[in-house]
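The values are calculated or read from the model by the stated rules, or taken from the named source; none is laboratory data. This one's a predicted model, so the numbers in the text were calculated from it and none came from an experiment. All Cβ positions, even for glycine, are placed from backbone atoms using ideal geometry, and neighbour counts span all protein chains on display.
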Amino acid sequence: MIEKLVTIHGGSYPEDLLDTAASLLKEGAVVVHPTETIHGFGCRYDSIEAVERIMRIKGREGKKPMILLVPGKGWIERLCREVPEAAWRLAELFWPGALTIVFHARQQVRQNCPWIYQTVALRQTAHPFTAQLVQKIDLPVVSTSLSRSGQALPRDFRRFLDKLVEQFKTDNSLRLELAIIDEKLENGSSQPSTIVSVVDKNSITLIREGALTAEEIAEISGLNVLRK
């Protein structure tokens with residue numbers, strides 16, 4: 001079930017929506033949110049129950065990682081170890097924006113968040129609402145695509161959510177406390193963020209090409225981007 005669905009238009013949204021979404025996230029809710037690329041299921045990164053609920057809603061199994069939206073670059077040092085200079089350059093040039101960077105995760109982070117394994121993927125979103133939301137709660141937020149695992153991104157977000165509600169209407173444990181749909185994204189091509197890895201500090205490796213191409217990243221940063 002969806003307890004509340006709100007439509008926004010880019011940076012235009014009800015004044016109290018930011019406070020509502022922030023309070024729900026802090027309490028461990030699952031919130032559908034927009035980014036500048038696609039919509040996602042989200043929750044605070046350290047809520048084990050909420051993360052498990054997202055995985056069940058998506059039908060995801062195994063150890064496939066999920067992206068964390070961070071309030072700012074300072075969270076790189078708090079969450080990651082062995083951060084190379086190239087990673088800082090990428091964050092400086094492309095954050096906020098559509099680039100996700102994969103780092104080595106700190107041991108303490110892995111202990112507190114058992115769904116995080118050896119690495120963690122971080123991004124600072126540029127979406128006018130969600131960027132403010134993440135900064136307001138001052139915590140990383142899980143962000144994984146608004147889709148079922150293994151399926152294409154939906155073109156019609158409301159229809160997708162309606163079908164999801166119908167599928168899980170008898171299981172209240174799979175509820176969504178809040179869904180925020182940005183109608184500006186509904187008519188776009190909706191490409192996910194581009195993912196690169198800096199786990200090997202001697203190179204930048206392209207994991208997934210999305211809204212940014214490897215060539216764009218290399219041209220803007222002056223760094224060599226290797227394709228897997």
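Exactly one residue out of L161, L185, L178 is among the hydrophobic types (A, V, I, L, M, F, W, C), over 19 Å from T37 (Cα atoms), out of contact with any Phe, Trp or Tyr (no Cβ under 7 Å at 6 or more places or on another chain) and crowded, with 17+ Cβ neighbours inside 10 Å: that is L178.
Being at pLDDT 95 or above, under 16 Å from the mean Cα position of the chain (by Cα) and outside any helix (DSSP H, G or I): is that true of L68 here? Yes; evaluated as a whole, the condition is true for this residue.
If you filter region 195-208 down to residues that are part of a loop (DSSP other than H, G, I, E, B) and not charged (D, E, K, R), you find that the one that is nearest to A91 (Cα to Cα) is V198. Within region 131-138, is even one residue aliphatic (A, V, I, L, M), within 19 Å of S203 (Cα to Cα) and touching a residue at least 12 places away in the same chain (Cβ under 8 Å)? For region 131-138, residues aliphatic (A, V, I, L, M), within 19 Å of S203 (Cα to Cα) and touching a residue at least 12 places away in the same chain (Cβ under 8 Å): absent. Identification of helices (runs of 4 or more DSSP H) wholly contained in region 92-174 with 3 or more residues that are at pLDDT 95 or above and within 27 Å of E209 (Cα to Cα) yields 128-137. Within region 209-228, the set of residues being touching a residue at least 60 places away in the same chain (Cβ under 8 Å) and not in a loop (DSSP other than H, G, I, E, B) comprises I217, I220, S221. When the residues of region 32-52 are filtered to those that are among the aliphatic types (A, V, I, L, M) and touching a strand residue (DSSP E or B) at 6+ places or on another chain (Cβ under 7 Å), the one that is nearest to I180 (Cα to Cα) is V32.
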